[in-house]
Amino acid sequence: MKRFHVHVAVDDLQQNIRFYSSVFGAPPTMIKDDYAKWMLDDPRVNFAISSRGTRAGLDHLGFQVESDAELKGMKQNLIAAQAPILEENEKDCCYTKADKYWVTDPQGIAWETFHSLSTVPVYGEARPIKREATAACCGPAR
């Protein structure tokens, strides 16, 4: 089963942890010095925030899947969207090692489809994806 994914860049992590914990009625399931994540079941969403020096606002959207087979199925949807696809295997991003596909929608918003493999002790490498002044958390370079 897929889980919707939203990643928002924030200026003040603690203030946003308090805000989103109130909105979701639950504390984050993961907190780091520069990152927090809520794995919610109602609605089924992986909602993450980070303060990594990028412009505040929507960083990227996506889908988290539960298996390699589901990831390969989602790739077919991305192919049908006729957008260039970047495939990354065993990529360290947001304290997780994952296999993933990246596309950019017609508005320039990055979409990540991924299957988490394990947790890792590092955030990962941020690379620019949209405009020069904006970087998706661990998105592909354009």
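Count, please, the residues in the range 16-32 that happen to be within 16 Å of G53 (Cα to Cα) and part of a helix (DSSP H, G or I).
1
Which of the residues belonging to the range 68-124 are acidic (D, E), surrounded by 15 or more Cβ atoms within 10 Å (Cβ to Cβ) and under 15 Å from the mean Cα position of the chain (by Cα)?
The answer is E88, D92, D99, E112.
Conditions tested, residue by residue: (1) over 24 Å from K97 (Cβ atoms); (2) not β-branched (V, I, T).
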{"residue": "K2", "(1), (2)": "no, yes"}
{"residue": "H5", "(1), (2)": "no, yes"}
{"residue": "A26", "(1), (2)": "yes, yes"}
{"residue": "M30", "(1), (2)": "no, yes"}
{"residue": "K37", "(1), (2)": "no, yes"}
{"residue": "N46", "(1), (2)": "no, yes"}
{"residue": "I49", "(1), (2)": "no, no"}
{"residue": "L78", "(1), (2)": "no, yes"}
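Select from the range 46-69 the residues that are part of a helix (DSSP H, G or I) and touching a residue at least 12 places away in the same chain (Cβ under 8 Å) and list them in ascending order.
D68
Tally time: how many residues in the range 5-23 are crowded, with 17+ Cβ neighbours inside 10 Å, more than 12 Å from A36 (Cα to Cα) and of a type in the set (A, V, I, L, M, F, W, C)?
Within the range 5-23, residues that are crowded, with 17+ Cβ neighbours inside 10 Å, more than 12 Å from A36 (Cα to Cα) and of a type in the set (A, V, I, L, M, F, W, C) number 0.
Kindly indicate whether any position in the range 23-44 is of a type in the set (G, A, S) and in contact (Cβ under 8 Å) with a residue 40 or more places away in the chain. If you could, list the steps in order and put the result at the bottom.
Start the filter on the range 23-44 by keeping residues that are of a type in the set (G, A, S), which leaves 25-26, 36.
Keeping just the survivors that are in contact (Cβ under 8 Å) with a residue 40 or more places away in the chain gives none.
No, the range 23-44 contains no residue that is of a type in the set (G, A, S) and in contact (Cβ under 8 Å) with a residue 40 or more places away in the chain.
Sort out which residues of the range 90-114 are in a loop (DSSP other than H, G, I, E, B), hydrophobic (A, V, I, L, M, F, W, C) and touching a Leu at 6+ places or on another chain (Cβ under 9 Å), and write them in order of number.
If the condition is that a residue be in a loop (DSSP other than H, G, I, E, B), hydrophobic (A, V, I, L, M, F, W, C) and touching a Leu at 6+ places or on another chain (Cβ under 9 Å), then I109 is the only one that fits.
Considering only residues that are polar (S, T, N, Q) and farther than 23 Å from P106 by Cα, look in the range 47-61 and name the one that is surrounded by the most Cβ atoms within 10 Å (Cβ to Cβ).
S50
Find all pairs meeting these conditions: Cβ atoms under 6 angstrom apart; at least six residues apart or on different chains; first residue within the range 104-115 and over 13 Å from I85 (Cβ atoms); second residue at pLDDT 95 or above and of a type in the set (A, V, I, L, M, F, W, C).
Between residues of the range 104-115 that are over 13 Å from I85 (Cβ atoms) and residues that are at pLDDT 95 or above and of a type in the set (A, V, I, L, M, F, W, C), the close pairs are H115/V65; H115/L71.
Is it fair to say M30 is under 20 Å from V120 (Cβ atoms) and surrounded by fewer than 19 Cβ atoms within 10 Å (Cβ to Cβ)?
The answer is yes for M30.
Restricting attention to the range 71-90, and to residues there that are of a type in the set (D, E, K, R) and in contact with a strand residue (DSSP E or B) (Cβ under 6 Å, 6 or more places away or on another chain), which single residue is modelled with the lowest pLDDT?
If we take residues in the range 71-90 being of a type in the set (D, E, K, R) and in contact with a strand residue (DSSP E or B) (Cβ under 6 Å, 6 or more places away or on another chain), then E90 is modelled with the lowest pLDDT.
Would a scan of the range 70-80 turn up a residue that is part of a loop (DSSP other than H, G, I, E, B) and not small (G, A, S)?
Taking every residue of the range 70-80 in turn, none turns out to be part of a loop (DSSP other than H, G, I, E, B) and not small (G, A, S).
The values are calculated or read from the model by the stated rules, or taken from the named source; none is laboratory data. A quick note: this is a predicted structure, and the numbers were derived from the prediction, not measured. Using ideal geometry, Cβ is built from the backbone for each residue, glycine included, and neighbour counts are taken over all protein chains shown.
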